[in-house]
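The structure follows.
The values are calculated or read from the model by the stated rules, or taken from the named source; none is laboratory data. As the structure is a prediction and not an experimental result, all values here were calculated from the model. Because the Cβ atoms are built from the backbone with ideal geometry, glycine has one as well, and the counts that use them run over all protein chains shown. Remember, those area values only see protein heavy atoms, side chains included, never the ligands or the DNA or RNA. Shrake-Rupley method; radii C 1.70, N 1.55, O 1.52, S 1.80 Å.
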Amino acid sequence: MKIKRYNADFGNSTYMNLIDGFYFDMVTNVVEISKEKAEGYFVASVEKAEELYNSLLISTEITGEEKYFLIGEAAEKEVLGNGHIKKLHDKTESPIPYMMFLGACAYYYELKKAEYEIAEENKMTIEYFSTMLPIWLLVKANKFSEMQEKMAKRFLGTHQFKVHTPGMAKEFTVEVLQSKCRIEGEVARWAIKKTFSLEDNPEADQFKSHDTVLVDLGGGTVDLSLLPAGMQAPKNRDALQYIEDIPYLHHLEKLRKDKLVEHFDDVRELEAFIVKNIGKSKMERKDGNSGKSIDLKEPILKSMYEYAKVLNAKLEDAFDAPKDKAYKYAYIGGVAPIIEEAMEKVIEEKYNQQIFEDNHVFLQNARKLNLYGLEILSIQETENTSVTV
């Protein structure tokens, strides 16, 4: 299977992929288990590619030893599942991004193999791979490029692993011919400036005359990119900042433990519930035994308001206030749609409604704009087409 473009967003909550234009995501969750546990972990065989998504069990050699991992949905109920949300992990060294990548390769191969010419069974050749790193990690190096090169090299070359899921068990070889790593948050400006056909995107017109703070709201950190008018590239290193002390997923876990522990077993369940119900007149949770429903909207919206209030204060402190003009704040990332209503309330109370409408922009497809930015740049590079910065 020869893949032309593979773009990956290793989010702390969700791992998103665009492989030859096909999108799918996976819960970011990796749990190592013993060989003995792996041998009898699944009872039933998986017969369809779609079923593999929930049953990924793989192994690969690490420092001379075979290690076994549950990936994505299969790792959700493990005791150590979701443990990574409580702390930042170095994506250049953590096994989580790498194992998610291998699991996604196996799933995509089974799902799409009928659409490709297969020269060699169970082998994938990726001609162009790209991903990105958050700003908090990039600033650890003297040059951003040092961390970017380190991350890119993790995926470059040949990777061998085994799928142990019954019915889908096989050995895989994945070869990556070219690998790139870009700046998370900043790369999303390309998805605002350009379309997939590399034409100018009308949505960018609202930023032509304003310096813009691109706010990438992730589950672990908030990445900030101060972009000159017209969504141009950041002027220097100081134009790239991050906020690490208000992790959204940790905030949700506190909400769950303090107010909603009887309704949700883990933070992922709560997060999925909020994503599904935010903006509705009611946010109802139904008891499977009694059939009774309870509206959880009040505690959830109150928690979102508290988060938005702290977030706004930190955003305004991140960069020096401009003189005789105002920044536009453009919100992207998985948390952006969830926090929009709360942020509107915060800005209205602090200033007025007009300030919110003029200066705070919640972009469409906010969750995927980083990934779309990678896709646009990969199209430009693989097709040797120039785009104007």
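Straight-line reach from Lys309: which lysines fall under 16 Å, measuring Cα to Cα and dropping same-chain residues less than 8 apart?
Lys345, Lys350
Excluding same-chain residues fewer than 8 positions from Lys67, which lysines have a Cα within less than 25 Å of its Cα?
Qualifying lysines at Cα under 25 Å: Lys35, Lys37, Lys77, Lys86, Lys87, Lys91, Lys123, Lys150, Lys153, Lys162, Lys170.
Enter the accessible area of Glu50 (Å², nearest 10), with the probe set to 1.4 Å and all protein chains included.
Rounded to the nearest 10, the figure is 110 Å².
Still on this structure, please answer the following. Would you look at the GNM of the chain, springs on alpha carbons closer than 10 Å, and say which of Met283, Met26, Met16 moves the most?
Met283
Determine which aspartates and glutamates satisfy two conditions relative to Lys193: a Cα distance under 18 Å, and not lying fewer than 8 residues away in the same chain.
Straight-distance partners of Lys193: Glu184, Glu203, Asp205, Asp211, Asp216, Glu375, Glu381.
Report the Cα centroid-to-centroid distance between the stretch 213-232 and the stretch 275-292 in angstrom, as an integer.
The stretch 213-232 and the stretch 275-292 have Cα centres separated by 33 Å.
Can you give me the C-alpha center-to-center distance between the stretch 306-368 and the stretch 1-31, rounded to a whole angstrom?
Here the answer is 28 Å between Cα centres.
Name the residue farthest towards the positive end of the dipole of the chain from the options Asn365, His210, Gly230, assuming +1 on Cβ of Lys and Arg, -1 on Cβ of Asp and Glu, about the Cα centre.
Comparing the listed Cα positions along the dipole, His210 ranks first.
Same structure, new question: So, for the stretch 2-183, what is the accessible surface per residue at a probe of 1.4 Å, expressed in square angstrom?
45 Å²
Restricting to bridges with both residues inside the chain, how much of the DSSP beta-bridge set is antiparallel, in percent to the nearest 5? Intermediate values should be presented prior to the final figure.
Numbers: 45 of 66 bridges.
DSSP beta bridges in the chain are roughly 70 percent antiparallel.
Assign unit charges at the C-beta atoms only (+1 for Lys and Arg, -1 for Asp and Glu), then state the dipole size of the stretch 112-197 relative to its Cα centre in Debye, rounded to the nearest 20. Could you put the intermediate results ahead of the total?
On the way: 15 positive and 11 negative charges, 87 e Å.
Dipole size: approximately 420 debye.
Continuing with this model, one more query. Arrange the peptides 34-43, 352-361, 68-77 so that the one whose residues have, on average, the most other Cβ atoms within 10 Å appears first. Numbers along the way, then the final one.
Values: 34-43: 12.1, 352-361: 14.8, 68-77: 21.8.
Going by the mean number of other Cβ atoms within 10 Å, highest first, we get 68-77, 352-361, 34-43.
First check a/c for the stretch 2-183, with a ≥ b ≥ c the square roots of the eigenvalues of its C-alpha gyration tensor; if it is under 1.5, answer rounded, and if not, answer prolate when a/b is larger than b/c or oblate otherwise. List each step's numbers first, then the result.
Numbers: a/c = 1.75, a/b = 1.22, b/c = 1.44.
Oblate, because a/c is 1.5 or more while a/b does not exceed b/c.
Among the GluC sites (Glu not before Pro) in the stretch 251-335, which ones are in a DSSP loop with at most 11 other Cβ atoms within 10 Å of the Cβ? Mind listing them?
Values: sites: Glu253, Glu262, Glu269, Glu271, Glu284, Glu306, Glu316; in loops: Glu262.
Answer in residue order: Glu262.
Among Phe144, Asn7, Ala119, whose Cα lies farthest out toward the positive end of the dipole of the stretch 2-183, if unit charges sit on the beta carbon of Lys, Arg (+1) and Asp, Glu (-1)?
Among Phe144, Asn7, Ala119, the one farthest towards the positive end of the dipole of the stretch 2-183 is Phe144.
Another question about this same structure. Name the trypsin sites (Lys or Arg not before Pro) in the stretch 117-167 that are in a loop by DSSP and that have at most 16 other C-beta atoms within 10 Å, would you? Walk me through the intermediate numbers first.
Working: sites: Lys123, Lys140, Lys143, Lys150, Lys153, Arg154, Lys162; in loops: Lys140, Lys143.
In loop regions of the stretch 117-167 (DSSP not H, G, I, E or B), the sparsely surrounded trypsin sites (Lys or Arg not before Pro) are Lys140, Lys143.
While we're on this one: Carbon and sulfur: what percent of the stretch 2-183's accessible surface (1.4 Å probe)? List each step's numbers first, then the result.
Details: 3760 of 8110 Å².
Taking all protein chains in place, the stretch 2-183 shows 46 percent carbon and sulfur surface.
At 222 nm, what helix-only mean residue ellipticity would the chain give, in deg cm²/dmol to the nearest 500, using -39500 (n - 2.57) for each DSSP H run of four or more?
On the way: 12 runs with 125 residues, N = 389.
When only DSSP H runs of four or more count, the value is -9500 deg cm²/dmol.
Same structure, new question: With only Lys, Arg, Asp and Glu charged, each at its Cβ (+1 for the first two, -1 for the last two), find how big the charge dipole of the chain is about the Cα centre; round to the nearest 20 debye.
Details: 51 positive and 65 negative charges, 72 e Å.
Computed about the Cα centre, the dipole is about 340 debye.
What are the residues whose amide H is under 5 Å from the amide H of Leu56, where those residues sit 5 or more places off or on another chain and H is modelled from the backbone?
The answer is Ile71, Ala74.
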